[in-house]
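Laboratory data are not the source of any read-out in this text; all were calculated from the coordinates shown. Given the structure is predicted, the values throughout are model-derived calculations rather than measurements. Cβ placement follows ideal geometry from the backbone for every residue including glycine, while neighbour counts extend to all protein chains displayed.
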Amino acid sequence: MHDIHAANQILKTALEYAKKNKCKKIDSMTIELGKIVEHDELITPKNLKYNIELISKNTIAEDCEIIVNSKNNKELKLVEIDGE
């Protein structure tokens, strides 16, 4: 769970966006994941998705679809949120 910090940053950004836009539920979020190393481990799309799912329990993002697209840069970016 070396990438929990990255997952927390993404979820925090998504929840702030949802609150600002008066969304009651986040249905999906799309993330771009570059070659990010945290605690000497490369963050993988699978682990990032797992950690977001884990920490989003009991939030408006619980059970949302999480799409992680790999990129060849060194950035982690939340690029799209869909909700109601």
request  = Taking the Cα centre of the chain as origin, work out the dipole magnitude from +1 charges on Lys and Arg Cβ and -1 charges on Asp and Glu Cβ, in debye rounded to 20.
outcome  = 240 debye
remark   = One finds, for Ser70 and Asn8 with R0 = 22 angstrom and r their Cβ-Cβ distance, a FRET efficiency to the nearest 0.05 of 0.60
query = Given that just one value was derived from the coordinates, which of (1) 19, 15, 12; (2) 24, 15, 11; (3) 22, 13, 10 is semi-axes √(5λ) of the Cα gyration tensor in Å?
reply = (3)
request  = Under a cut-off of 14 Å between alpha-carbon atoms, report the aspartates and glutamates in cross-link reach of Lys22, not counting same-chain residues fewer than 8 places apart.
outcome  = Asp82, Glu84
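Tell me, Asp40, Asp3 in order of fewest to most beta-carbon neighbours within 10 Å? Display every interim value, and only then the final one.
Values: Asp40 6, Asp3 22.
Fewest-to-most Cβ neighbours within 10 Å comes out as Asp40, Asp3.
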ask   = Peptides 18-24, 30-36: what's the order by average Cβ count within 10 Å, highest mean first?
value = 30-36, 18-24
query = Which distance in nm do the two modelled labels at Val79 and Thr30 give, with both placed 7 Å along the Cα-to-Cβ direction?
reply = 0.6 nm
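In the structure shown, do any of Lys57/Lys77; Lys24/Lys74; Lys19/Lys74; Lys19/Lys46 have a Cα-Cα gap over 25 Å, and if so which? Display every interim value, and only then the final one.
On the way: Lys57/Lys77 21 Å; Lys24/Lys74 32 Å; Lys19/Lys74 28 Å; Lys19/Lys46 27 Å.
Where the Cα-Cα span goes over 25 Å, the pairs concerned are Lys24/Lys74; Lys19/Lys74; Lys19/Lys46.
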